[in-house]
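**Student:** Take a look at the following structure, please.
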Amino acid sequence: MNRSTYPASQELPSLFLDSCFNGNKHVYLTSNRRYRFKTELVVPKTGPIRITGDRWVQFCLENMVKAILLHFVEQGDDTFYVTGYDNDGLECGVYNEVRKCLKRIVTRVWPYQDYPQVFINSIV
């Protein structure tokens, strides 16, 4: 796998701008090995925010060899744990063998402590 295989930048969904972006020009990505990569954000006046820079490319080369889908989990301000999934929905990235596990399961709950919880499960 070489540098030209990966895009120079990765567009982030509008949800990132609405819910996660606090104006910082960097974002930290944590790999499956728990290495942190300080990547750059490009914030145009119009259009999507993008992750870019040499550390983004290095992150991809070291962690996302077979990934076609990236799942970002916010861990704190400007810090995300990133998991990659292959065509079959199996976890991939820095594992010595193919992870024979199901896709990630998402559960939605009410954000109120004293309110009855309703669990709606889906596999994404």
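The values are calculated or read from the model by the stated rules, or taken from the named source; none is laboratory data. Remember, predicted model here, so these are calculated numbers, not experimental data. Cβ atoms come from the backbone with ideal geometry, glycine included; neighbour counts cover every protein chain shown. Heads up: the accessible areas ignore ligands, DNA and RNA and are worked out on the full protein's heavy atoms, side chains in. Shrake-Rupley method; radii C 1.70, N 1.55, O 1.52, S 1.80 Å.
**Student:** Can you tell me which residues in the stretch 51-65 are open to solvent by 50 Å² or more (accessible area, probe 1.4 Å) and not aliphatic (A, V, I, L, M)?
**Tutor:** Asp54, Arg55, Gln58, Glu62 - these are the residues of the stretch 51-65 that are open to solvent by 50 Å² or more (accessible area, probe 1.4 Å) and not aliphatic (A, V, I, L, M).
**Student:** Being in contact with a Leu (Cβ under 8 Å, 6 or more places away or on another chain) and surrounded by 14 or more Cβ atoms within 10 Å (Cβ to Cβ) is the filter here, so list the residues in the stretch 22-35 that pass it. Quick ask: steps written out before the conclusion?
**Tutor:** Our first condition is that a residue be in contact with a Leu (Cβ under 8 Å, 6 or more places away or on another chain); within the stretch 22-35, this holds for 24-27.
The answer is Val27, and nothing else.
**Student:** Filter the stretch 66-81 for residues that are among the aliphatic types (A, V, I, L, M) and buried (at least 16 other Cβ atoms within 10 Å of the Cβ); which is modelled with the highest pLDDT?
**Tutor:** Looking at the filtered set, the residue picked out is Leu70.
**Student:** Can you pull out every residue in the stretch 10-56 that is over 14 Å from Phe72 (Cα atoms), among the aliphatic types (A, V, I, L, M) and touching a helix residue (DSSP H, G or I) at 6+ places or on another chain (Cβ under 7 Å)?
**Tutor:** Ile49
**Student:** Would the stretch 107-118 turn up any residue that is modelled with pLDDT under 75 and either surrounded by 13 or more Cβ atoms within 10 Å (Cβ to Cβ) or part of a strand (DSSP E or B) (or both)? Give the steps one after another, and end with the answer.
**Tutor:** So the first thing to find is which residues in the stretch 107-118 are modelled with pLDDT under 75, and the list is 107-118.
Now drop any that are not either surrounded by 13 or more Cβ atoms within 10 Å (Cβ to Cβ) or part of a strand (DSSP E or B) (or both), which leaves 107-108.
Checked against the condition, which is being modelled with pLDDT under 75 and either surrounded by 13 or more Cβ atoms within 10 Å (Cβ to Cβ) or part of a strand (DSSP E or B) (or both), the stretch 107-118 yields at least one hit.
**Student:** Report every pair of residues separated by at least 6 positions or lying on different chains whose Cβ atoms are under 6 Å apart, first residue within the stretch 1-21 and exposed (fewer than 12 other Cβ atoms within 10 Å of the Cβ), second modelled with pLDDT of 60 or more.
**Tutor:** The qualifying pairs are Met1/Val65; Arg3/Val57.
**Student:** Could you give me the residue pairs with C-beta distances under 6 Å whose first residue belongs to the stretch 71-87 and is without any contact (Cβ under 8 Å) to a residue 60 or more places away in the chain, whose second residue is of a type in the set (S, T, N, Q) and open to solvent by less than 30 Å² (accessible area, probe 1.4 Å) wherever it lies, and which are 6+ apart or on separate chains?
**Tutor:** His71/Thr83; Tyr81/Thr30
**Student:** Output the residues belonging to the stretch 58-83 that are out of contact with any strand residue (DSSP E or B) (no Cβ under 9 Å at 6 or more places or on another chain) and more than 16 Å from Leu15 (Cα to Cα).
**Tutor:** Across the stretch 58-83, the qualifying residue is only Leu61.
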